[in-house]
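All remarks here apply to the structure that follows.
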Amino acid sequence: MSADPFSHCRAVLREADYDRYGSLSFLPGEAANAAAALFAFDVGISRIPFLVSDPAPGEIRLQWWREVIGGERESGGNPVAEALLQAIQTHQWPVQTFERYLDARVADLYHDPMPDRLSFEGHAGDTASSLLALLAMATHAGQGSDLHDACGHAGISFTVARCLQALARDRQRQRVMIPVDILAATGLDAATFLAGEPDQRHNSAIEAFAAFGADHFAKAGNASRRIDPAGRLSLLSAAPSARLLAKAMRNPQAALSGTLHQSPLASLWQMWRASRSNNGI
């Protein structure tokens, strides 16, 4: 076993996901370790579609994680797996949540269009939202419907923001994550969104998708006002999404060109402000 697998997870995040790395500094020790393990796990799984040439090897990698998390296989010295297994044991996280997460990630290996907003919400709910809910268990947040709603909406808004940041890269890979019903409302389908030079319809689709994410962020904020401080801490990694979504609505070309981003300092400021607020994230 690695001497300190949680330090390895932090190093992964520092390199690959600085926003979520920054969120660790607002969490107490055990919860920060739990977040590091969850987010490093998510980073690794998210990389799989870029590491394989077709879906079959990707499904094999996902199956390896299923077996490790389910206790059917040794971690093989993988420090992220070791950290995750420790966190699962410490916080008694349900294995079924990870099974649903991995089932949802199978879709990322394929380039099938997201059929509608409801399907997108389900995918984000089983991935980003579920990780926030697990982290809330690690922060000892009071459970209830408000926390469930806050994690659900925050995870969806986070996923929309990340999809918009990856939009230019995904178009190159002939993949579109904007739901087809949003595309249809702007006169597009998946094929026309991916083909040729972008036009005003592409801008409108991006604006509508960002507005969809912003609506979920507002709902997360409203729900988070009704939960305890520990619950709000578990949501901080989603706080930077708000400004990214607003930027995409103002300037959809930033998403199309792959320049939709903000400085680490701006993200830290948003998380700090949310951590100090009693009015939600």
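Each part reduced to its alpha carbon centroid, the range 115-174 and the range 204-281 end up 12 Å apart. For the range 177-191, list residues with backbone N below 13 Å from a point placed 7 Å from the Cα of Gln200 toward its Cβ? It comes to 187, nothing else. For the chain, with all protein chains in place and a probe radius of 1.4 Å, 51% of the accessible heavy-atom surface sits on carbon or sulfur. In vacuum, with every alpha carbon of the range 98-175 counted as one equal point scatterer, what does the Debye formula give for log10 I(q)/I(0) at q = 0.17, 0.20, 0.23, 0.28 Å⁻¹? Two decimals, please. Debye curve over Cα of the range 98-175, log10 I(q)/I(0) at q = 0.17, 0.20, 0.23, 0.28 Å⁻¹: -0.70, -0.91, -1.12, -1.39. Net length available on complete extension from Ser145 to Asp181 is 10.1 nm, with 0.36 nm assigned per residue and the Cα-Cα distance removed.
Charges were assigned to the Cβ only: +1 to each Lys and Arg, -1 to each Asp and Glu. The resulting dipole of the range 33-191 about its Cα centre is roughly 440 debye. Relative to the Cα centre, the charge distribution of the chain, modelled as +1 at Lys and Arg Cβ and -1 at Asp and Glu Cβ, gives a dipole magnitude of about 900 debye.
Scanning the chain for DSSP H helices at least 24 Å long along the axis (C-alpha atoms) with a Kyte-Doolittle mean no lower than 0.5 picks out 29-51.
Can you give the Rg to Rh ratio for the range 5-149, taking only C-alpha atoms and Rh from Kirkwood?
0.95
In this structure the chain gives 44 Å² per residue of accessible area when probed at 1.4 Å with all protein chains present. A probe of 1.4 angstrom, applied to the heavy atoms of all protein chains, finds Glu67 with accessible area near 40 square angstrom. Inter-label distance, His261 to Asn279: 3.1 nm, where each label sits 7 Å from its Cα along the C-beta direction.
Using heavy-atom solvent-accessible surface (probe 1.4 Å) with all chains present, what is the largest-first order of Phe41, Phe26? Please list the in-between numbers first.
Working: Phe41 0, Phe26 45 Å².
Ranked list, largest accessible area first: Phe26, Phe41.
The values are calculated or read from the model by the stated rules, or taken from the named source; none is laboratory data. Note that the coordinates shown come from a computational prediction; the quantities given were computed from them, not determined experimentally. Using ideal geometry, Cβ is built from the backbone for each residue, glycine included, and neighbour counts are taken over all protein chains shown. Ligands, DNA and RNA are stripped out before the accessible areas are found, and what is left, the full protein with its side chains, is counted by its heavy atoms. Shrake-Rupley method; radii C 1.70, N 1.55, O 1.52, S 1.80 Å.
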